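See structure below.
Please treat every number below as a calculation from the coordinates, not as lab data. Predicted, not measured: the structure shown is a model, and the values here were computed from it. As a convention, Cβ positions derive from the backbone with ideal geometry for all residues, glycine included, and neighbour counts pool all protein chains shown.
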Amino acid sequence: MCNLYSLSKGQAAIREIASVWTDRTGNLAPQPAIFPDQSAPVIRMGDEGRELVMMRWGMPSPKVALKNRRTDPGVTNIRNLGSAHWRRWLGPEHRCLVPFTSFSEYRVEPDKSRTPVWFARGEDRPLTFFAGIWTRWTSVRKLKEGEVEADLFGFLTTEANAVVGAVHPKAMPVILTEPEEWETWLSAPIEEAKELQRPLLDGGIEIVSEGAIKEHSG
């Protein structure tokens with residue numbers, strides 16, 4: 001599972017590249033390490049077109065996962081789009097793009113320690129997007145916080161390509177690199193949009209750093 005990613009590019013770059021009409025994020029600082037349940041920028045369709053907003057990372061968990069639990073920390077990665085739990089959020093009104101510049105998977109070493117390995121589309125960490133879904137939900141994320149209503153997001157995963165699979169064989173995030181893909185994910189019928197749930201070509205991703213919990217923000 002991808003439970004750590006980085007966003008080193010600012011909101012101006014996101015607005016320009018993704019043709020965002022409305023920015024509701026305020027003063028957005030670089031985020032060299034984004035963990036589950038933290039807030040991060042997400043692009044969704046609003047009444048006036050694409051808008052950039054802050055959401056908490058982690059979609060509502062299935063009921064079976066919440067048995068005997070007092071909190072719902074959320075589901076960060078979504079694979080089975082055929083599940084009834086996820087089908088309710090597959091319409092265009094619930095789809096989003098999650099900006100990132102790199103993401104991390106942990107490599108398990110011979111001594112069982114884990115090393116963060118960071119992947120990006122190139123050494124310059126170009127701005128790229130995960131295919132995500134979002135919803136507004138009321139739940140208890142943390143006991144000390146109590147019940148809250150929040151906009152929540154998660155992103156899709158798929159089978160790993162050779163580059164990511166060498167570190168994390170089970171899965172990799174669904175990565176969208178072209179404007180046509182962004183438009184399809186945000187607006188097309190799900191029968192067409194779900195065709196984007198496939199691994200990025202091996203040459204489209206590379207390892208850019210290892211060992212650090214935080215990616216560089218330059």
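Annotations
- Failed criterion for residue 149 (all others in (1) part of a helix (DSSP H, G or I); (2) in contact (Cβ under 8 Å) with a residue 12 or more places away in the chain hold): (1)
- Of all the criteria given as (1) under 18 Å from residue 135 (Cβ atoms); (2) of a type in the set (S, T, N, Q); (3) surrounded by fewer than 16 Cβ atoms within 10 Å (Cβ to Cβ), the one not satisfied by residue 27 is (1).
- Residue 142 falls short on exactly one of the conditions (1) closer than 28 Å to residue 13 by Cα; (2) assigned to a loop (DSSP other than H, G, I, E, B), and that condition is (1).
- Some residue of segment 100-108 being farther than 29 Å from residue 28 by Cα and free of Cβ contacts under 8 Å to residues at least 60 places away in the same chain: yes
- Residue count, segment 51-71 (criterion: touching a helix residue (DSSP H, G or I) at 6+ places or on another chain (Cβ under 7 Å) and crowded, with 20+ Cβ neighbours inside 10 Å): 1
- One residue stands out among those in segment 112-129 that are part of a strand (DSSP E or B) and touching a residue at least 60 places away in the same chain (Cβ under 8 Å): the one that is nearest to residue 157 (Cα to Cα), which is 129.
- Some residue of segment 129-141 being in contact with a helix residue (DSSP H, G or I) (Cβ under 7 Å, 6 or more places away or on another chain), among the aliphatic types (A, V, I, L, M) and within 19 Å of residue 38 (Cβ to Cβ): yes
- Checked against the criterion of being part of a helix (DSSP H, G or I), surrounded by 14 or more Cβ atoms within 10 Å (Cβ to Cβ), on the phi < 0 side of the Ramachandran plot and in contact with an Asp or Glu (Cβ under 7 Å, 6 or more places away or on another chain), the candidates 163, 167 yield just one match: 163.
- Subset tally (residues that are small (Gly, Ala, Ser) and either outside any strand (DSSP E or B) or surrounded by fewer than 16 Cβ atoms within 10 Å (Cβ to Cβ) (or both)) for segment 82-111: 4
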